[in-house]
1. Tell me the carbon and sulfur percent of the accessible area for the range 246-320, rounded to whole percent, probe radius 1.4 Å.
2. Taking the simple approach of a point 7 Å from Cα along Cα-to-Cβ for both THR130 and ASP117, what is their distance in nm?
3. In straight Cα distance, which lysines are under 22 Å from LYS423, not counting same-chain residues fewer than 8 positions off?
4. Which loop GluC sites (Glu not before Pro) in the range 34-135, with loop taken from DSSP, have no more than 15 other Cβ atoms within 10 angstrom of their Cβ?
5. Considering only the other residues whose Cβ falls under 13 Å of the Cβ of ALA45, what net charge follows from Lys and Arg at +1 and Asp and Glu at -1?
6. Considering only protein heavy atoms and a probe of 1.4 Å, how much of the accessible area of the range 30-92 is carbon and sulfur, as a whole percent?
7. Multiply the residue separation of ASP50 and HIS103 by 0.36 nm, subtract the distance between their alpha-carbon atoms, and state the gained length in nm to one decimal.
8. Based on the Cβ-Cβ distance from ARG393 to ASP261, what FRET efficiency comes out when R0 is 45 Å, to the nearest 0.05?
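The values are calculated or read from the model by the stated rules, or taken from the named source; none is laboratory data. Owing to the predicted nature of the structure, the values given are computational and were not obtained by experimental measurement. Note that we place each Cβ from the backbone using ideal geometry, even for glycine, and neighbour counts take in every protein chain shown. Note: areas computed on protein heavy atoms with side chains; ligands, DNA, RNA excluded. Shrake-Rupley method; radii C 1.70, N 1.55, O 1.52, S 1.80 Å.
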Amino acid sequence: MADTALMTIPGLSDPVPAARDITPRADGRIDLLGLPRTRICELFAAAGLDAKAAKLRAKQVFHWLYHRGVTDFDSMTDIAKAMRPWLATRFVIGRPEIVEAQHSTDGTRKWLLRTADGHDYEMVFIPDETRGTLCVSSQVGCTLNCTFCHTGTMKLVRNLTPGEIVGQVMLARDALGEWPKSGANLSANPRAGGDLRQDGATPTKAPALAGAHDLADDDDDDDDFHYTADGRLLTNIVMMGMGEPLYNFDHVRDALMLVMDGDGLALSKRRITLSTSGVVPMMARCGAEIGVNLAVSLHGVRKDVRDELVPLNKKYGLEDLLQACADYPGASNARRITFEYVMIKGKNDSDDDARELVRLLKAYNLPAKVNLIPFNPWPGSGYECSDPDRIRRFSNIVFEGGISAPVRTPRGRDIDAACGQLKTAAEKKSRAQRDREAAAAAAV
Ligand code: SAH
Ligand code: SF4
């Protein structure tokens, strides 16, 4: 089992375990998953390649790794045959271990994953008529202890590495059979290898992959395939799984860079949304350095209510949070900020709350949409979901205020895959520990 170094998460006094970005395996080989092109190049040079060869091999391996989903150096057909065993004895391309895969009656899928050092985390795939969304985790557990969220009750917390984050997207592509294949396979069946296709539909647009792949040694890979949403199952990514992504900023950024890289997973930043509970100091950097869509877990429009539901509010209050949203780079009417609002009976669901929500969003002139999430219950939460009539009324008031406020249909409740239900079997925090962490998060 690999060891884990300690690091401090802002807002907390106790260090939490966080894996190093490169953890050699027991056999000494280095896992390239999660590394950028430049780092792969450095490692190849350190292993003995000259600068030119290291650069070329890094470019080739990067493409096979992230664009083609290949995990075996022997399949990298444009790399000289003699070179492949050299790579395979020093490096490996891994995947997070799958402990369990579950399928909901509504088509939602959840995977329980395990890190090399034995920590469990989850990812969820939610297909609907027009898109397929992968809900990606950024941490094992969460230190923020929002009172309505099951993830916050997990005792064990560590930041996930870039490899463990991007690895979720790659696993989903594996499971969905969505890697481009070589020319022959692709024209025969673009989805060869997929085990999920339920509707029998074929992609509306054939990928532009030219004929048979050139097998000559050292030829640059010349396919000009680029992902589009057309006919694909996995079209969107939301950083809404376990954890607070802005408390693991560097790793989340590095992973999303690989997801957005045109020669990597090549997903548009417009199809990626990062959700934060309101880590105000990191929001500007999120916009500037990652540039994805922003979602904010609001849940309360009055200090006392939001202090209870999202204890981080005691540290970064509503005014600071909404100002940071107003300043978020790239937000516009075409790219609105999503405000998530979990509907809890008798807590935050009154007509007055709805009117105050509209007033606040307007006061800050925010290009906003509101997602109303019916509270997903979990044992011992102490909260109930608002009645459907109440949710409808709340939605109407916000809508009449000029702000779109759809009610999100809960998905995957039967396999505990819905918002806030993600929690692995890790030991539960004591009430005292939750209170301590919430207080530490709130300490200025
Ligand atoms: N930590 C980040 C990312 C996780 S997103 C954040 O909080 O934004 C998880 C989303 O599910 C958040 O909007 C969260 O508020 C919501 N959620 C948590 N528990 C829930 C529950 N029991 N029912 C419905 N939504 C919940
Ligand atoms: Fe953490 Fe988000 Fe859950 Fe709050 S809602 S405990 S920030 S995962």
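1. Working: 1160 of 2420 Å².
So the carbon and sulfur contribution to the accessible surface is 48 percent.
2. For the pair THR130/ASP117, the computed spacing is 4.3 nm.
3. Correct list for LYS423: LYS110, LYS155.
4. On the way: sites: GLU42, GLU97, GLU100, GLU122, GLU129; in loops: GLU129.
When the GluC sites (Glu not before Pro) of the range 34-135 are filtered for loop state and at most 15 Cβ neighbours within 10 Å, GLU129 remain.
5. Working: positive: ARG37, ARG39, LYS52, LYS55, ARG57, ARG90; negative: GLU42, ASP50.
Taking every Cβ under 13 Å from that of ALA45, the sum is +4.
6. Accessible surface attributable to carbon and sulfur in the range 30-92 totals 59 percent.
7. Numbers: separation 53, 0.36 × 53 = 19.08 nm, distance 4.82 nm.
Full-extension gain reported as 14.3 nm.
8. Details: r = 45 Å, r/R0 = 1.00.
Rounded to the nearest 0.05, the efficiency is 0.50.
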